Amino acid sequence: MNIENDVQGMALALEWAAKGMLITSPNPRVGCVLVKDGVVIGEGHTQPPGQAHAEVQALNDAMRRGNDVRGATAYVSLEPCSHFGRTPPCADTLIRAGIGKVVAALGDPNPLVGGQGFAKLRAAGIEVVTDVLASEAREMNIGFLSRMQRGRPWVRMKTAASLDGRTALYNGHSQWITSAEARDDGHRWRARACAILTGIGTVIEDNPQLTVRAIDTPRQPRRIVIDSRLQISPDARVLTGGGTWIVAAQSDPDKEARLRERGAEIIILPNTHGKVDLPLLMEELGRRQINELHVEAGFKLNGSLIREACVDELLVYLAPSLLGDAHGMFDLRALDSLDDRKRLSFHEIKQLGPDLRILARFI
């Protein structure tokens, strides 16, 4: 493939970054393409934590092909790192390889990098161009950027409803409101998240696994249950396989011991009302390197998360049906004025089979 300009080169780098969508967490999803005389000579994307970053992958690919990288342009979707972490600095590697130009989509907000990668490259005489397809790169790493800039994950709340906004019948029946196409797509969003969060009400009523099943995935996201009074049964399916985080507002040593036997970790984060402190939980998840948090909960927890300003966007699947008097999507208080409504902007609308998928972001 021939590359005629920086936009084409970066578009290809982003395609490579997408190949690592499910494996790089908690690191960012980064792609790198090496181009010389308009010809692609090396390609790669960041591997799982502790393994090679995109730049090293692309350089290794060029070597395998027998290509000389000296003087080549490196298109990379995020600023090359400049510090020793699990791997050596990529900026130093590019310098040693004799790269002549680096085109980056975004600067890295990680305070350990924060422009230092670009500075190293420029000090070595390498031309640096930035902000090429920046918005596309930002979308790919929206969770990583959120954690670095705000100290909390990007929170995406998923719900499936009828056209009149109902998620379950009055008797609790909800399978299935939306189509198989919509359900499979929901699993794709699960797969890209670092963790899936639900509430104890959903666990008691539905006993979900909260795993990715509809698509192949190299890893399963962390499962998190909000359970203020530690009501969860040790036999709940969400505990299968271990590693589940149970977030409570009060301690109970006996219950905690039984849950730990199932491989769960108990996190105690009370607020002044005896419930889980949701904003504090978001900060804790940021410290635990959760980039994207996928919420699949009932209308009560959904409402609480929205009221506490813990949600960044809604992922709503709407089926072309009407359910009438039934459960809604969110438990929100009645308003006296339209000025108090929660405002969102439509980010994307797409049809999947008979259903609509709406991605809307809080303003």
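The values are calculated or read from the model by the stated rules, or taken from the named source; none is laboratory data. Just so it is clear, the model here is predicted, and its values are computed rather than measured. Heads up, the Cβs are rebuilt from the backbone with ideal geometry, glycines too, and the neighbour counts pull from every protein chain shown. Heads up: the accessible areas ignore ligands, DNA and RNA and are worked out on the full protein's heavy atoms, side chains in. Shrake-Rupley method; radii C 1.70, N 1.55, O 1.52, S 1.80 Å.
Residues that are out of contact with any Cys (no Cβ under 8 Å at 6 or more places or on another chain), part of a loop (DSSP other than H, G, I, E, B), within 22 Å of Ala360 (Cα to Cα) and open to solvent by less than 20 Å² (accessible area, probe 1.4 Å) occur in segment 129-151; there is at least one.
Screening His294 against (1) more than 23 Å from Arg192 (Cα to Cα); (2) surrounded by 14 or more Cβ atoms within 10 Å (Cβ to Cβ); (3) not aromatic (Phe, Trp, Tyr) leaves a single unmet condition, (1).
Here is a check on your reading of the model: is Ala236 farther than 22 Å from Met157 by Cα and loosely packed, with under 13 Cβ neighbours inside 10 Å? Judged against the criteria, Ala236 is not a match. All conditions but one from (1) on the phi > 0 side of the Ramachandran plot; (2) modelled with pLDDT of 95 or more; (3) not polar (S, T, N, Q) apply to Leu34; the one that does not is (1). Scoring Pro49 on the criteria (1) surrounded by fewer than 21 Cβ atoms within 10 Å (Cβ to Cβ); (2) closer than 22 Å to Asn2 by Cα; (3) of a type outside the set (Lys, Arg) leaves a single failure, condition (2).
Touching a strand residue (DSSP E or B) at 6+ places or on another chain (Cβ under 7 Å) and open to solvent by 40 Å² or more (accessible area, probe 1.4 Å), is that true of Arg96? So Arg96 fails the test.
Looking across Arg357, Arg361, Arg343, one residue alone is charged (D, E, K, R) and either more than 23 Å from the chain's Cα centre (by Cα) or farther than 17 Å from Asn302 by Cα (or both). It is Arg357. The single residue among Arg260, Arg229, Arg223 that is open to solvent by 10 Å² or more (accessible area, probe 1.4 Å) and in a loop (DSSP other than H, G, I, E, B) turns out to be Arg229.
Considering segment 292-363, the qualifying strands (runs of 3 or more DSSP E), each wholly inside and each with 3 or more residues that are assigned by the TED database to the domain that holds Tyr170, in contact (Cβ under 8 Å) with a residue 40 or more places away in the chain and of a type outside the set (S, T, N, Q), run over 292-295, 313-319, 355-362.
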